[in-house]
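Below is one structure, written out as structure tokens; comments come after it.
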Amino acid sequence: MQGSLLTTPFPEVLRVIYNERRSGELVAKTTVENATLEKHVCFERGQVVFASSNQPEDRIGETLVRYNKLTRQQLEQFFTQLPSGQRVGRALVDFGILSERELVNYVTLQFIDIIYSVFNWKAGNFQFNQGENLAPDELKMKFSTSTIILEGIRRLNDFDVIRKGIGSASKWLHTTAAGRSKIQAIAFNPVELSLMNMAKELIDILKLLVNSKDRPEKVLQSIYGLLVIGMLEQVDEPAPQEQPIFP
């Protein structure tokens, strides 16, 4: 599977990998100011297990600075003491800068920040290389791909992607049986939970917008996210019920 992110936005790429439970490595590339940005995401049966990037700001040290665990000066001092060839993550624990649990937490933030950054790419190319065990065993982690997709779509700045992803406003929505079975395993926000509750029975998008207390943009974001992870599905408008001639 490969193509252009211009015609197949990143959420749609993840939709295929997640819903088809694919294993392999997704490589996304784009060009910014003559520099090539490259992000890698590894999946096992549709679940994210690893992410990497060729950008300095995506390294674990920069993640610690971004989340105020270290100052820039402390990070630079750490690197002056880092033995040649030693893994940065392991050294952070050995030096007492992070505990084992903190290392896991910050590597998790590092990985998901790499993934979230691709959601707003307006151009670029992607290629998915099918395969098993493509991520380094010692760096594998377990993520909820569905939660990552929902949060990534919540952060989308390009509303054209959401409109195109939802498609025809004449379609009706309802929750899927598969979605109802895995509702406890996904981190939904209140808007998404409300929409799924309203969509237990067939409902059109306009009615969802009218009945929701949230901004239309937020509701449409939530609808799109729930469609991508298979919690909602779209169907054609139901035929009107025939009324009896006599009461």
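The values are calculated or read from the model by the stated rules, or taken from the named source; none is laboratory data. Quick caveat: nothing in here was measured; it's all calculated off a predicted structure. FYI the Cβ positions are ideal-geometry reconstructions off the backbone, even for glycines, and counts take in every protein chain you see. Side chains included, ligands, DNA and RNA excluded: accessible areas come from the protein's heavy atoms. Shrake-Rupley method; radii C 1.70, N 1.55, O 1.52, S 1.80 Å.
Worth a mention:
- Residues in segment 219-247 that are modelled with pLDDT of 90 or more and either β-branched (Val, Ile, Thr) or exposed (fewer than 15 other Cβ atoms within 10 Å of the Cβ) (or both): Val219, Ile223, Val228, Ile229.
- Count of residues meeting criterion [free of Cβ contacts under 8 Å to residues at least 60 places away in the same chain and either open to solvent by 50 Å² or more (accessible area, probe 1.4 Å) or not in a helix (DSSP H, G or I) (or both)] in segment 136-148: 2
- Selected residue (criterion: surrounded by the most Cβ atoms within 10 Å (Cβ to Cβ)) from residues of segment 186-199 that are modelled with pLDDT of 90 or more and in a loop (DSSP other than H, G, I, E, B): Ala199
- Scope segment 5-33; condition of a type in the set (A, V, I, L, M) and not in a strand (DSSP E or B); matching residues: Leu5, Leu6, Val13, Leu14, Val16, Ile17
- Residue in segment 115-124 that is surrounded by 15 or more Cβ atoms within 10 Å (Cβ to Cβ) and over 26 Å from Val219 (Cβ atoms) present: yes
- Meets criteria (crowded, with 16+ Cβ neighbours inside 10 Å and among the charged types (D, E, K, R)) for Glu151: yes
- Number of the condition not met by Trp172 [criteria: (1) free of Cβ contacts under 8 Å to residues at least 60 places away in the same chain; (2) touching a Pro at 6+ places or on another chain (Cβ under 9 Å)]: (1)
- Filter result for Ile183 (of a type in the set (A, V, I, L, M, F, W, C) and either crowded, with 16+ Cβ neighbours inside 10 Å or at pLDDT 90 or above (or both)): no
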